[in-house]
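Below: one structure, written as C-alpha cells.
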Amino acid sequence: MRQRIQPLLNFFQKRLFSTSLRQTLKFSYFIIICLMMIPPTISLASSWFQTVRYDRMITNVSRTNRLNQIIKSDISNEIWDIVAGNKNFDEGTQYEIIDDINGRLEEIFESTEVRENRRLLEVAGRAMDTLTGYVDMLGTQIENNFLVTRNEEILDEIRGVADLISDLLQDFIVLEIESAAATNEQIKRVALFLTLLQIIILLIVLIFALQTQRTVVQSINGPISELVTLSHEIAAGNLEARAERPHVRELDNLTDNLNIMAAKIRELIDENIREQKNLQKSEMKALQAQITPHFLYNTLDTIVWLAEGKQYDQVISVTRNFSSFFRTALNRGKDWICVAEELEHVRNYLSIQKVRYRDILDFTLDFDPAMTERIMLKLLLQPLVENALYHGIKNKRGRGMIKVTGWTEGGRLCFRVEDNGIGMTPERLADVKRQMEEDHDRSHSGDIYGLYNVNKRLSLYYNGQTELTIESTYREGTTVSFRVPETEYV
C-alpha cells in the first residue's frame with residue numbers, strides 16, 4: 001500500500017516543504033483532517049439514504065396492511081347493508097370508501113421504488129376499477145328493482161374482487177418485506193466497506209504523518225546543524241565560512257543574518273587594521289563580536305532540542321526572535337539605533353532565554369512611550385540583562401525576576417536593569433567598581449566582563465558624559481543604571 005501512495009505523498013511533500021514551517025504544519029493538519037472526514041461523511045450520507053429508503057418500505061408495509069383491512073371488511077360490509085336493505089344505495093358510503101382506497105393505493109404507489117412491486121399495485125388499481133364497475137352495476141339494478149338474487153350475485157362478485165385485491169396487497173407486503181431485507185443486507189455491506197475504508201485511511205494518515213514528521217525534522221535539523229557548524233567555525237575564527245540558504249522561510253533570514261554577520265565581522269576586523277587612529281573603538285567592537293557566537297550556538301542547541309521534542313511552534317517563535325536579535329545586533333554596521341529597537345532587542349534576547357531558563361526566569365519591560373523614537377548607542381541593555389541572568393538569577397535558588405525600565409528626565413534618557421538575584425557583598429561590590437575604573441580589561445572575571453564592556457562603550461561614545469551606576473545587596477539583588485543625552489538623530 002505504501003508503494004502505491006508514495007507518489008501521492010511525494011507530490012504533497014514537494015508542495016508542502018517549498019514554503020514555511022508554519023504553512024507546512026497547517027497544510028499537513030488540513031490534509032489529515034480532510035482524510036479523516038471522508039469515512040464519517042460517506043457514512044452519514046449512506047446512512048441517511050438507506051434509512052430513508054428502509055423507512056419508506058416499512059411505512060408502505062404498514063399502510064398496505066391497514067388498507068388490506070379496509071378492503072376485506074369495510075367495502076363488503078357496506079355493500080351487504082345495501083343489498084340487505086339496511087340502507088339505501090344513495091345513502092351508502094361505498095363510493096367514499098372506494099375513493100379512500102384508491103387514494104391510499106396512489107400514495108403507496110408513489111413511494112414504492114421497486115418495479116415489480118409497482119406492477120402489483122397497478123394490478124390492484126385495475127381490480128379496483130372492476131370493483132367500482134360492479135358497485136355501479138349494483139346501483140343500476142337496485143334502481144330498476146331487480147330481484148334480490150341478482151343483487152346477491154353482484155355482491156358475490158364484489159367480494160371476489162375484494163379478495164383478489166387483498167391477495168395482491170398481501171403479495172405486495174411480502175415483496176416489500178423482501179426489499180427491506182435486501183436493503184438491510186446492503187446496509188451491512190456498506191458498513192463493512194466503510195470499516196475497511198476507515199482502516200485504509202487511518203493507514204494512509206499514519207504513513208503521511210510519519211513522513212511529514214520525518215521531513216519536518218529533516219527540514220529543521222539539517223539547516224540547524226549547518227548553522228551550528230557555521231557558528232563553531234566563526235567562534236574558531238574562520239570568518240570566511242558561509243552556510244547555504246535552506247529554503248525554509250523561518251530559517252532563511254537567520255542564515256542570511258549569520259552569513260552577513262560573518263562578513264561584517266570580517267569587514268570590522270579589516271577596518272580595525274586600517275584604522276589605527278580609532279583603536280579603542282575597534283577593540284570594543286571586537287569584544288562585542290566575541291560575545292555573539294557563545295550565545296549563538298547555545299540558542300541553536302535550544303532550537304535543535306525543541307525540534308527533537310516536536311515543539312514546532314516554539315521552534316518558530318525562538319527562530320524568529322533569534323533572527324530579529326541578530327538583525328538588530330548587525331544594524332547594517334551602524335552603532336546607533338532608536339530606543340524602540342534596543343527595547344525589541346532586549347525582548348528578543350529575554351524571550352529566547354525564557355525558553356532555555358523557563359523554570360527560573362521572569363522578566364518585565366517598562367518604557368516611557370515618549371522615548372521610543374530617540375536615538376541611543378546600540379547593545380547597551382542586552383549585556384546588562386545577560387549579566388543579571390548569568391551572575392544574578394542563576395546563582396539564586398528559585399525563580400528570579402529581571403526588570404528593565406526606561407524613562408526621560410532632565411533632557412536625558414534613563415535606563416535601569418534590576419534583578420532579584422544573589423546580589424553582591426559590600427566587599428565584592430567595591431571590587432567590581434574598582435575593576436570597572438581600570439583602563440584595560442585583560443584580567444576581568446566573567447561577572448565584570450559585560451559591565452566593563454558597557455561602561456567602556458558609554459565612556460567612548462558619549463565622551464565621558466555618563467557611566468554605569470551599580471547598587472547591590474547580598475541575597476536581595478542588583479540594580480545597574482545609566483543616563484545618556486537625549487537626541488533625535490545622530
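Nothing in this text is a laboratory measurement; each read-out follows from the coordinates by a stated rule. These numbers were taken from a predicted model, which means no experiment stands behind them. Every residue, glycine among them, receives a Cβ derived from its backbone with ideal geometry; neighbour counts consider all protein chains shown.
Structural remarks
- Sites Glu271 and Ser459 - FRET efficiency at Förster radius 30 Å, r taken between beta-carbons, to 0.05: 0.90
- Summing Cβ point charges (Lys, Arg +1; Asp, Glu -1) relative to the Cα centre of region 124-213 gives a dipole of roughly 860 debye.
- Region 358-490 shape via C-alpha gyration tensor axes, a/c threshold 1.5: oblate
- Dividing the mean sequence gap of close Cα pairs (under 8 Å, 6+ apart) by how many residues region 2-209 holds gives a relative contact order of 35 percent.
- Label separation (Trp336 vs Ala263): 2.5 nm, computed from points 7 Å beyond Cα along the C-beta direction.
- Distance between the C-alpha centres of region 65-138 and region 184-242: 71 Å, rounded to the whole angstrom.
- Charge dipole (debye, nearest 20) of region 358-490; +1 at Cβ of Lys and Arg, -1 at Cβ of Asp and Glu: 340
- A straight chain from Thr372 to Glu91 at 0.36 nm per residue would run longer than the Cα-Cα distance by 90.9 nm.
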